[in-house]
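What follows is a short report on a single structure.
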Amino acid sequence: MVNAIKGVFITCDIPMAQFIVNMNNSMPSSQKFIIHILDSTHLFVQPQVEQMIRSAIAEFRDQNSYEKPT
């Protein structure tokens with residue numbers, strides 16, 4: 001019998017995958033969202049957290065972007 005789970009497939013580089021895994025590990029066990037880590041650059045996550053992951057990545061990039069002083 002086949003069990004199908006709806007989710008979002010994420011492809012990213014290794015540091016970003018580690019960022020997402022760290023986000024998942026910092027959540028309480030009832031809110032963990034990673035369904036399966038396929039390899040170092042591919043993750044399968046619950047579909048309802050897609051926007052949360054996108055916003056966290058955008059915030060992370062904003063915090064780590066160089067802005068030339070004026």
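The values are calculated or read from the model by the stated rules, or taken from the named source; none is laboratory data. What you are looking at is a predicted structure, and each value in this text was computed from that prediction instead of being measured. Glycine also receives a Cβ, built like all others from the backbone with ideal geometry; neighbour counts cover every protein chain displayed. These area figures cover heavy atoms from the full protein model, side chains too; ligands, DNA and RNA do not enter into them. Shrake-Rupley method; radii C 1.70, N 1.55, O 1.52, S 1.80 Å.
Shown here for the chain: chymotrypsin sites (Phe, Trp or Tyr not before Pro) in loop regions (DSSP other than H, G, I, E, B) with at most 10 other Cβ atoms within 10 Å, namely Tyr66. Relative to the longest principal axis of the Cα atoms of the chain, the long axis of helix 50-63 lies at roughly 20 degrees. Simple spin-label estimate for Ser55 and Val21 gives 2.6 nm between the two label positions (7 Å along the Cα-to-Cβ direction from each Cα). Taking all C-alpha pairs of the chain, those more than 15 Å from each other amount to 58 percent.
Among the GluC sites (Glu not before Pro) in the chain, those located in a DSSP loop and surrounded by at most 15 other Cβ atoms within 10 Å of their own Cβ are Glu67. With all protein chains kept in place, the per residue accessible area of the chain amounts to 78 square angstrom at a probe of 1.4 angstrom.
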